[in-house]
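Accompanying notes for the structure given below.
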Amino acid sequence: MDNLVSLSVVAVYSAMGVYTVAFLLFTLDLAKRSTEVPQRTQAPVGASVGASAPAEALEQTELSRTELPRADSEGLGGATRFQRAAFALTILGWVLHFAAVVFRGIAAQRVPWVNLFEFGLVATAMGVGVFLLAQLWKDLRFLGAYITGFTVLSLGIVTVNYYVDVVPLPPALQSAWLVIHVLVASLATAFFALGAGLSVVQLLRYRREARAVAGLRFLDTLPGSATLESLAYRINIVGFVLWTFTLIAGAIWAERSWGRYWGWDTKEVWTFIIWTLFAGYIHARATRGWRGDRSAWLAIVGFSAIIFNYTVVNTMFTGLHSYSGLVTTPS
């Protein structure tokens, strides 16, 4: 068992090293894009914005304000050498990261997410995994610096400050709901993290389109702010569905363990607050017409509440969700 624990720790630090190199390469890719931004498509000569302008000219004029012409595979519209190398290293880092999770689970002979260190290990692995799988849907490699940077920072904090040796499960955690509840919560967090990254880029892209942001020319190589907002909305909906299941599963588990579905424990309250924030985000955008900055900020606030839940609430508050010091159910 000790050998597997040691292998897990080595794999964690190895993954952090690989992610760090990937982060640097993703950053270099953005820097390259900032120095070699292609020219925008010009509106057709003679096209006016009046009623007499052809519809095609008006549409082309609008697209030229927000969208970037596609370039070849070496151009700024496609993947650069830096980005391809960074993405390959991200995959390698995730393999090492996943190995660390597996080694920890085998050594403990249980699921490896019963304390802050283990949850941080698993949640960040899921975050990177969702980012990688998302490429099968849309090309989101422009978020690579955000994903790898956030992962290195999170892994560093939980490994240095919250590492604990493998310990037996407390009685309240000896349940199949430990697998279901925390696994789904981790997956929801991964989707919310990706959605928050898209919302941050959306805010910057919108200001760049409005010429309110000087510098950051790499933003001109990214999708338009409306496209980014739509992508963030779709991803956050998936996260919200998973978080809803997390809330319901947690209530069922609480009834099995403590004889009540809800007890206003600090963790329960914050889980519900997070659900309310994202429910408000989805409702406001769908029915109240909240678009642009307001939509993005609400999504970012929701993810900030998740970070607060897993950091401040877990470390500074006590309640039924705390077990033997740093051993705690994450949600």
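The values are calculated or read from the model by the stated rules, or taken from the named source; none is laboratory data. This is a predicted model, so every value here is computed, not measured. As a convention, Cβ positions derive from the backbone with ideal geometry for all residues, glycine included, and neighbour counts pool all protein chains shown. When the accessible area is computed, the model is the full protein with side chains, heavy atoms only, and any ligands, DNA or RNA have been set aside. Shrake-Rupley method; radii C 1.70, N 1.55, O 1.52, S 1.80 Å.
Quick notes on this one:
- Per-peptide packing, taken as the mean over residues of other Cβ atoms within 10 Å, places 201-208, 287-294 in the sequence 201-208, 287-294 from highest down.
- For the stretch 129-231, the solvent-accessible area with a 1.4 angstrom probe is 41 square angstrom per residue.
- Average silhouette area of the stretch 71-205, convex hull of alpha-carbon atoms, in square nanometres: 9.4 nm²
- Applying the criteria of a DSSP loop state and at most 10 other Cβ atoms within 10 Å to the chymotrypsin sites (Phe, Trp or Tyr not before Pro) of the stretch 117-198 yields Trp137.
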